[in-house]
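Just below is one structure, and these are the notes that go with it.
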Amino acid sequence: MSEAAVHDPPGDGRRERFEEVFGTHREAVLGYLLRRTGSSHDAADLLADTFVVVWRRLDEVPGGDQTKPWLYGVARRVLANHRRGEGRRNALADRLRDELVETSTPSPEPVDGDSATARAFRALPEQDRELLTLVAWEDLDTAQIATVLGCSRNAVRIRLHRARKRFAKLLTTRPPAAVRGEVSHEDV
């Protein structure tokens, strides 16, 4: 018997509601996490963590068209917590590595086939990339994005406009690799 079933008093409908939300939106939330982690193992762990939060806050889950954006917002915060923890672990590993190794390693060369568009996208600030991916990958409108980010629709429109302008500028003004000091294939 699952832990949820143990704590679910008979007849209150919480379990059925949770199973409905999970069954309907699991794939979308997993896709959201996969695109942001690049690791199926991390995405699966984060999906579980996301739905633990959903179980605890089940009474707050909105219905209809607002369910998925709300879930994306929860997943976004779970992912942010994961990244902070990962950052702390990486900082510790870096500190230990620096103590053990006195030589520096050169930065990696751009990957062959790495497009100018991909380099420009990676050169954008994290917040701009998140906005653009919510539109392009998750196919959300400004109201849904506002739910995910926890801000107003107007703020989303303004931020999205600015993100698109910065992306266009990176694509047209200079080689995106040069933005972060990398050497592009054309410069070699």
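Worth pointing out:
- Alpha-carbon centroid distance for the pair region 82-96 / region 113-147, whole angstrom: 25 Å
- Placing pseudo-labels 7 Å out from each Cα toward the beta carbon at Ser40 and Ala80 gives an inter-label distance of 3.0 nm.
- Counting only protein heavy atoms and a 1.4 Å probe, region 17-75 has 49 square angstrom of accessible area per residue.
- Radius of gyration, Dmax [region 35-94; alpha carbons; angstrom]: 13.3, 46
The values are calculated or read from the model by the stated rules, or taken from the named source; none is laboratory data. Model, not experiment: these values are computed from the prediction. Quick reminder, even Gly has a Cβ in these numbers, built from the backbone with ideal geometry, and neighbours come from all protein chains shown. To get the accessible areas, we keep the full protein, side chains included, count just its heavy atoms, and leave off ligands, DNA and RNA. Shrake-Rupley method; radii C 1.70, N 1.55, O 1.52, S 1.80 Å.
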